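K.L.:
This is the structure I have questions about; it appears just below.
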Amino acid sequence: MNASKRIKLHVLALACYSTLAFVVLHALIFKNGTHVAGYDYFDYHWNFWFLRHASQTAGINVYLNDFIFYPALTNYGYHAYAAFWYPLWALLEPPLGTLTAFNVIIFIGCTLNGYLLFLWLRREGIALSLALIGGIALQTFPIVRYSYYNTHINLMNWFWLPLHLILWSQSLRAVQARSPKRALLWAIVQGIALYGMAMSEHQFVIFAAFVVVPYGLLSLWHARRHWRQLLSLCGVALLTVAIGVALLWQFGYLSYALRFRGTLAPGEAAARPGVATRLFSMAETWWQWDTPSMGAFVTLSAILALGTALLARQTRHKGDRRWFWFWVGIPPLLIALGGTVHIGDLSLPTPYRLLHALTGGMFGMPWRLAPIFAMAMAIFAGKVFTPLLQGRARAQLALFVCAFLANAWAVRLWETAPLTPVPTAYAFYEQIGAERGAPYDKLVLVEVPTGAATGEVILGDPRATQLQWYGIFHHKRMINGFISRAPVEHFYYIYTGDPMLSWLGQRVPLDADFVRRQMEERIFGYPIGYFVVHKDLIGLESAALTEIFDFFNGELRQWLCPTWIEGDAVAYRTAAHPDWDGCLQRVPQGGLIDLGAAEDVRFIGRGWHYAENIAGITARWTGAEPVARLYLRVPERRTYRLRLLAQAFGKVRQLSLSANGVPLGSVAVQPERLAEYAFTLPVEALPFEDGHLELALTYDLSDQDATLGRTLGLLVDWLRLEALEERRHSQ
């Protein structure tokens, strides 16, 4: 084939795999900017932001830092940064944004998976149609699609395996041609590629060992009678590995991975999911980690090729290495079956348990080896069927069309995984991120609810871990977040072992005295600059949310200030923040507290039910407890008139009001309609220098309707403070 035809062929192949990538990823492409793929998206976006942040900020070590799981100093030697793709992201993100940059990366990875395997199949002498189908089978393989639709840009990179086979074959050709310069060049190139593969994902070193190592050993075996070739190949192999290891040590994670210490989250090898029950089928939720699927195409193609190879004499070609590739695919398949295979009442262990033990439990998903089986069977089947298709162009075309349709049906190519809406954008995170310099850079931001995760375990609400996404914007250290592998000592305590953080995750009851001491110690010790309460994650109608607001607005009022209220988030600035101003935000604007409106969370305490909109009126019911509390500040120490608009539930109910423990009187609240009631707030009720005012509404809760599912006292629309004209008192 001349150069012109070869170029056209490669253009055609790239067009084929690019088009198919568009088909596979169409949902993600059409919803670019509004949706992301899967659960783990937040971690990879944060990874790349952090790599850039660390490169621009003195004193930050990307492999040893406390930006996640603060205050633990965590070794990131086994964290999946997927740093191979970082340069492309750094180029694309400024003009396009991180969401588009990631979609471009996933599209390129998807295309390369098919194209690189196609190149290797053609190099192995496999017919064009079979080579195209082999690349398509890998590109659309369910477990590979799982990676695309979970933003696993570290695990989607199966193109590395055929690429390394191509590079090694180039070194082999150079040695056979007795061209040491070319052999040296290809050894350097493959060494760099080895570094790139390892930087894309640690596990690809293991994956490559199942393919590249056997192929390399086969090359050495064939050169066993030519000692110069044998020695040269050994030298090339050693140089390749040495270059990769040196780069990984100097510019990667290797030295930190070797120093990793700590106990990993427990997990039994026997219970790990595999593909044993879905060798010929697709799970309804093929995009989930615990339902890995093979689909029927690859498995049936391998069986058909095996039968043909054994029975059809005209396909037998001595020396075409078909059986070598067949046996290369078997060990990965046996491991991918899972930790245990169940046949009736019989439970059989698999080789995965050995791999799990050899990696110290680091390799937790046996099914991740299944694409190696798909690649090996593509080579095996291609070598079996190519002799039957030589010189038969129409047969090749017909086979390609039929095989493409069969694969599309078997893997349900038209299906896409559910996408995740992009998290709500909050302007206050950008404002926090704009705080730069020594007083601000050490601040910690605590997301509420709390949660943490590694590649082995999720603690708390999984959505709480995803709040790491906002680190891209606020640039602060966090407790919430994800690290691929981390010692349990660094994060497990927040689940139920830490009164403050466990309570903020709604996993243990509030121990008020203990949590108050922890808050004081950590706010000024860490220091914590912000708490951000996500109402939607805790539950807009939950008692836990009201309890948090009561504790923050009342017990911790001297240290916490509700600085921003935006959408479903409330950002509290702490007294450890350089810009602490004593919290003027707790002074009601115009003296009005509009119950049920978004801003009322600045003042809400215990005893109130959730905010409601009733016939266009925003309001809250009291009755969650016998006393409902409000916390606020008054601008001046003087006498005020306090008016409120309220309605009783079901019958006339007595309301008693006190301010800072001073009784202000009582009124009978009517049930027929909202009505206004007034009290006088004397200056004697304001003894505090900071103007703090705690209002306590006590009411009758008798005669309830059990069918409502909650206890109701008074419906309160608003409360207003009005200064009375009299002599002012100095503070």
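Derivation of every value follows stated rules applied to the coordinates shown; laboratory data play no part. Just so it is clear, the structure is predicted and the values come from calculations on it, not from any experiment. Neighbour counts run over all protein chains shown; Cβ positions are idealised from the backbone, glycine included.
K.L.:
To the nearest µm²/s, what D does Stokes-Einstein give for the chain at 20 °C and 1.002 mPa s, using the Kirkwood radius over alpha carbon pairs as Rh?
P.N.:
Roughly 72 µm²/s, to the nearest whole number.
K.L.:
Just to be sure I understand the rule: take each whole DSSP H helix in the chain, project its Cα atoms onto its long axis, keep it if the span is 27 Å or more and its mean Kyte-Doolittle hydropathy is at least 1.0. Which ones pass?
P.N.:
3-24, 98-123, 227-251, 370-389
K.L.:
Further, regarding this structure: Expressed as a whole number of Å, what is the distance separating the alpha-carbon centroids of segment 322-337 and segment 365-410?
P.N.:
About 16 Å separates the Cα centre of segment 365-410 from the one of segment 322-337.
K.L.:
OK, next. Name the residues whose placed amide hydrogens come within less than 5 Å of the amide hydrogen of A127, ignoring near sequence neighbours (fewer than 5 apart) on the same chain.
P.N.:
T386
K.L.:
List, in order, the whole-Hz ³J(HN,Hα) value for each residue of segment 497-503 obtained from phi through the Karplus relation with A = 6.51, B = -1.76, C = 1.60 and θ = phi - 60°; use x for Gly and Pro.
P.N.:
3J(HN,Hα) across segment 497-503, in whole Hz: x, 10, x, 6, 6, 5, 5.
K.L.:
With unit charges on the beta carbon (Lys/Arg positive, Asp/Glu negative), name the residue among T698, Q250, W46 whose Cα is farthest towards the positive pole of the charge dipole of the chain.
P.N.:
Value computed over the given set: Q250.
K.L.:
Would you please state which residues of segment 325-361 a label at A209 would reach in this model, taking the label point 7 Å out along Cα→Cβ and a backbone N cut-off of under 17 Å?
P.N.:
Those under the cut-off are 328-336, 351-361.
K.L.:
Under the rule of -39500 (n - 2.57) per DSSP H run of 4 or more residues, summed and divided by the residues of the chain, what mean residue ellipticity at 222 nm is obtained, to the nearest 500 deg cm²/dmol?
P.N.:
-13500 deg cm²/dmol
K.L.:
Shifting gears a bit: Scan segment 613-679 for trypsin sites (Lys or Arg not before Pro) in coil per DSSP, keeping those whose Cβ has at most 13 other Cβ atoms within 10 Å, and list them by number.
P.N.:
Answer by residue number: K651, R673.
K.L.:
Follow-up. Once the other residues with Cβ under 14 Å from the Cβ of G235 are scored (Lys, Arg +1; Asp, Glu -1), what is the net sum?
P.N.:
Once positives and negatives cancel, what remains is +4.
K.L.:
Ranked by Cβ crowding within 10 angstrom, fewest neighbours first, how are I548, I192 ordered?
P.N.:
Starting with the residue having the fewest Cβ neighbours, the order is I192, I548.
K.L.:
Report the full-extension gain for the segment L348 to L388: residue separation times 0.36 nm, less the Cα-Cα distance, to one decimal in nm.
P.N.:
Between L348 and L388, full extension yields an extra 10.5 nm.
K.L.:
Sticking with this one: In whole Hz, with x marking every Gly and Pro, tabulate ³J(HN,Hα) for segment 253-264 from phi via Karplus 6.51 cos²θ - 1.76 cosθ + 1.60, θ = phi - 60°.
P.N.:
Each residue of segment 253-264 in turn: 9, 4, 4, 6, 4, 6, 9, 5, 9, x, 8, 8 Hz.
K.L.:
Just how far, in whole angstrom, is segment 66-107 from segment 605-620 if you go by their alpha carbon centroids?
P.N.:
Value for the Cα centre distance between the two parts: 42 Å.
K.L.:
Sticking with this structure for a sec: Relative contact order for the chain: what is it in percent, counting Cα pairs under 8 Å that are at least 6 residues apart?
P.N.:
Across the chain, relative contact order equals 11 percent.
K.L.:
Something else: Give me the net charge of L248's neighbourhood, meaning all other residues with Cβ under 15 Å from the Cβ of L248; Lys, Arg count +1, Asp, Glu -1.
P.N.:
Net charge around L248: 0.
K.L.:
Could you list, by residue number, the cysteines of the chain that have no other cysteine's beta carbon within less than 4.7 Å of their beta carbon?
P.N.:
If one checks each Cβ against the other cysteines of the chain, C16, C110, C234, C402 turn up with nothing under 4.7 Å.
K.L.:
So what's the net charge close to H53: Lys and Arg +1, Asp and Glu -1, counting the other residues with Cβ under 13 Å from its Cβ?
P.N.:
Around H53, the surrounding residues sum to +2.
K.L.:
Please give every one of the lysines within straight-line cross-link reach of K442, meaning a C-alpha to C-alpha distance under 21 Å, and leave out same-chain neighbours fewer than 8 residues apart.
P.N.:
K476
K.L.:
Could I ask something else about it? Stretched out fully, how many nm does the piece from V652 to I188 gain, at 0.36 nm a residue minus the Cα gap?
P.N.:
Contour length minus Cα-Cα distance gives 158.3 nm.
K.L.:
Based on other C-beta atoms within 10 Å, arrange L184, L354 from fewest to most.
P.N.:
If I rank by nearby Cβ atoms, fewest first, I get L354, L184.
K.L.:
Which ³J(HN,Hα) values, rounded to whole Hz and listed in residue order, are derived for segment 418-435 from phi using the Karplus coefficients 6.51, -1.76 and 1.60 in 6.51 cos²θ - 1.76 cosθ + 1.60 with θ = phi - 60°, glycine and proline given as x?
P.N.:
For segment 418-435, the Karplus curve yields x, 9, 9, x, 4, x, 4, 7, 10, 5, 5, 4, 5, 5, 5, x, 6, 7 Hz.
K.L.:
Something else now. Using a cut-off of 27 Å between alpha-carbon atoms, which lysines can reach K8, once sequence neighbours fewer than 8 places away in the same chain are excluded?
P.N.:
K383
K.L.:
Please report how far the C-alpha centroid of segment 232-290 lies from that of segment 2-20, rounded to the nearest whole angstrom.
P.N.:
After rounding, the separation between the Cα centres reads 32 Å.
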